[in-house]
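**Student:** Just dropping this structure here.
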Amino acid sequence: MALALEPKDLLVLLKLALSKPQQPWSYQRLAMALSLSASETFASVKRLLASGLLVGKGLKAEVNRKALCDFVLHGARYSFPAEIGKPSRGMPTGYASPALQWDLVFDPNQVPVWPDAKGKAKGHSLTPLHPRVPKIAQEDPMMYEALALFDALRAGQARERQMARARLEVLLG
């Protein structure tokens with residue numbers, strides 16, 4: 001049976017890649033940090049190991065950073081394409097996120113947002129990689145930056161994608 005990566009697998013991989021090396025994870029702690037169940041987290045790690053994005057055994061495995069960068073920068077946007085929706089209130093993402101907003105000029109009424117009732121921005125909804133992304137981003141600034149940059153790759157124009165790619169290479173490398 002072939003294992004296909006799921007959007008939550010990228011969440012798990014990014015969380016592991018952005019974590020401090022001395023921070024040991026348990027499936028339960030990792031699941032709580034990502035608002036997933038321990039069984040979902042276990043299954044994600046299994047798929048990441050099978051794909052080669054993690055190398056080793058279980059949560060003692062190491063992130064294959066070269067493969068991670070190759071996947072996120074060149075392939076993931078095709079695996080998890082952007083879906084732009086109707087105007088919504090939400091959390092700024094992509095070029096309108098704190099990671100890129102100071103480097104670009106844009107219409108503040110046309111920003112991409114992850115739909116979220118608590119969001120303070122108005123713009124066009126961009127379906128997040130996973131339904132729990134807004135909650136994760138509110139609790140973890142590093143994950144917010146990585147996920148918003150990934151959205152710039154998924155939904156941005158050439159200049160935005162170039163800037164996001166450069167920042168992600170530094171963040172994940």
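**Student:** Would you list which aspartates and glutamates come within 18 Å of Lys60, measuring only between C-alpha atoms, while excluding same-chain residues fewer than 8 positions from it?
**Tutor:** Here the aspartates and glutamates satisfying the reach criterion relative to Lys60 are Asp9, Glu40.
**Student:** Please report, largest first and rounded to whole Å, the three semi-axes of the ellipsoid equivalent to the chain, where each semi-axis is the square root of five times an eigenvalue of the C-alpha gyration tensor.
**Tutor:** 27, 17, 14
**Student:** Need the list of lysines near Lys120 for cross-linking: C-alpha distance under 29 angstrom, and skip anything on the same chain fewer than eight residues off.
**Tutor:** Lys8, Lys15, Lys86, Lys135
**Student:** Sequence-distant or interchain residues sharing an amide H contact under 5 Å with Leu54, placed H: which?
**Tutor:** Those qualifying (amide H under 5 Å, at least 5 residues apart or on another chain) are Leu49, Asn64.
**Student:** For the chain, with only Lys/Arg (+1) and Asp/Glu (-1) charged at the beta-carbon, what is the dipole magnitude about the Cα centre, in debye rounded to 20?
**Tutor:** 240
**Student:** Order of 74-82, 30-38 by packing, highest average Cβ count within 10 Å first?
**Tutor:** 30-38, 74-82
**Student:** To continue, here is another question. With θ taken as phi - 60° and the coefficients 6.51, -1.76 and 1.60, list the Karplus ³J(HN,Hα) couplings across segment 137-150 in order, rounded to whole Hz; mark glycine and proline as x.
**Tutor:** Once rounded to whole Hz, the list reads 5, 5, 9, 9, x, 5, 5, 4, 4, 5, 5, 5, 5, 4.
**Student:** Something else now. Can you work out ³J(HN,Hα) from phi for every residue in segment 25-33, in order, using Karplus 6.51 cos²θ - 1.76 cosθ + 1.60 and θ = phi - 60°, giving whole Hz and x for Gly and Pro?
**Tutor:** 9, 10, 4, 5, 5, 5, 4, 5, 5
**Student:** Okay, moving on. Pull up the DSSP beta bridges for the chain and report the antiparallel fraction as a percent, rounded to 5.
**Tutor:** 75
**Student:** If each DSSP helix of 4+ residues adds -39,500 (n - 2.57) and the sum is divided by the residues in the chain, what number results at 222 nm, nearest 500 deg cm²/dmol?
**Tutor:** It lands at -14000 deg cm²/dmol.
Each value in this text was obtained by applying a stated rule to the coordinates, not by laboratory testing. Note that the coordinates shown come from a computational prediction; the quantities given were computed from them, not determined experimentally. We place every Cβ from the backbone using ideal geometry, glycine too, and count neighbours over all the protein chains shown.
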